[in-house]
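Beneath this line is the structure, given in C-alpha cells, with notes to follow.
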Ligand code: NFD
C-alpha cells in the first residue's frame with residue numbers, strides 16, 4: 001500500500017515537472033523573442049494597486065480610476081490583433097485614463113542610460129521619468145503582443161521592434177513618450193550617453209528624437225542636457241561637439257533655451273558609488289583619506305577658532 005502510494009506520488013511529481021517544463025519551454029524562444037509576460041493581467045493590476053497605495057507619494061498625483069478599467073483599456077489596444085499592426089492611437093484611451101499632471105521643472109528624458117537616469121531622478125524625488133508615471137510604471141519591462149485566436153495574446157513569441165513598423169509594444173512606447181512630452185512644463189532635463197563609439201549621444205531617430213522633443217509645447221522653457229560618460233573610458237562625445245551640436249540646433253529651432261553639462265557632480269558621485277575603484281573616482285577616495293595635496297590651509301578642527309577671525 002505504502003509502495004503504491006509512493007509510486008503514485010512519484011508519477012504525480014514527474015507529471016508536475018513535465019507540465020512545468022512545458023510551460024517554461026513554451027515561454028522560451030531560442031532567438032530571444034519572448035512571448036507575452038506570464039500572468040500579465042495579474043502583474044499589471046498588482047502593480048496598479050501597489051502604485052496607488054505606496055508609490056511616488058507625494059511626488060505624483062493619484063489617478064481617479066480603477067485598476068481593472070486600466071487593464072481593460074490597455075488589453076483592448078493590442079489583443080486579438082496581429083502583433084505588427086497596432087497603431088499608436090489604439091493606446092490613446094489608456095494613456096488618457098492613466099494620465100497624471102507632471103510637476104514643473106522635474107521631467108527627465110533619457111536615451112541609452114536607463115539605469116543611471118532613474119538613479120539620478122531618484123525615482124520621482126529629484127526628477128520624474130516616463131517610467132515613474134502610472135502610464136509607464138504599469139508597462140515597464142513587461143512584454144506583450146496580440147494574436148487573432150484565443151486567448152487574444154501570444155504567449156510564445158512576440159516580434160522584435162525592428163521586425164515591423166507598428167509592433168505592439170513599440171507603438172505603446174511611442175504613444176506614451178508623445179503624451180509624456182506633451183505634458184511637460186518649465187525646464188526639462190535629458191540625460192545622454194557620451195561614451196558609445198557606435199551610437200551618437202543624440203539621434204533624431206531615437207524615441208526622444210522622434211516622439212519627445214517634437215512634442216514639447218510652449219509650456220517648456222529650457223532643455224537642460226546632461227552628457228554622462230562611463231568611468232575610465234574615452235569620452236566619445238561631450239557638450240558642444242558631434243551630435244550635441246545637432247541637438248542644440250534642434251532645441252533652439254523649437255524656441256527653447258539650451259544648456260549642456262558633462263558629468264555634473266551629482267552624476268559623477270552616482271557613478272563613483274557604483275564603481276568606487278575606478279581611476280576617476282580615486283580622487284574622491286584620496287580626498288576622503290586626507291591624502292590630497294592642498295595649497296589651502298587645513299580645515300580648522302571643531303571648536304578651534306580659525307586665525308582669520
Ligand atoms: P533608447 P530612446 N528593440 O535607450 N521610452 O530615446 C527592442 F526590443 O535608445 C521609454 O529611443 O532611448 N527594444 C521606453 C528597443 C521605451 C529597441 C521607449 C529595439 N529595436 C521610449 N529600441 C521604456 N521605458 O522601455 C529601443 N528599445 C527599448 C521613452 C529599450 O528597452 C523615455 O521617456 C531601450 O532601453 C525616454 O525619454 C528603450 O527602448 C526615451 O523614450 C529606449 O531606447 C528613451 O527612448
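Nothing in this text is a laboratory measurement; each read-out follows from the coordinates by a stated rule. All values derive from a computational prediction rather than experimental measurement. We place every Cβ from the backbone using ideal geometry, glycine too, and count neighbours over all the protein chains shown.
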### Summary
Taking the reciprocal of mean 1/r across every pair of different Cα atoms in region 155-229, the Kirkwood radius in Å is 14.0 Å
### Query
In what sequence, highest mean first, do 271-279, 210-218 appear when ranked by Cβ atoms within 10 angstrom?
210-218, 271-279
#### Entry: Per-selection metrics, region 53-144 (Cα): Rg and Dmax in Å
14.3, 40
### Task
Bin all alpha-carbon pair distances of region 92-142 at 10 Å intervals from 0 and give each bin's fraction as a whole percent.
25, 54, 21, 0
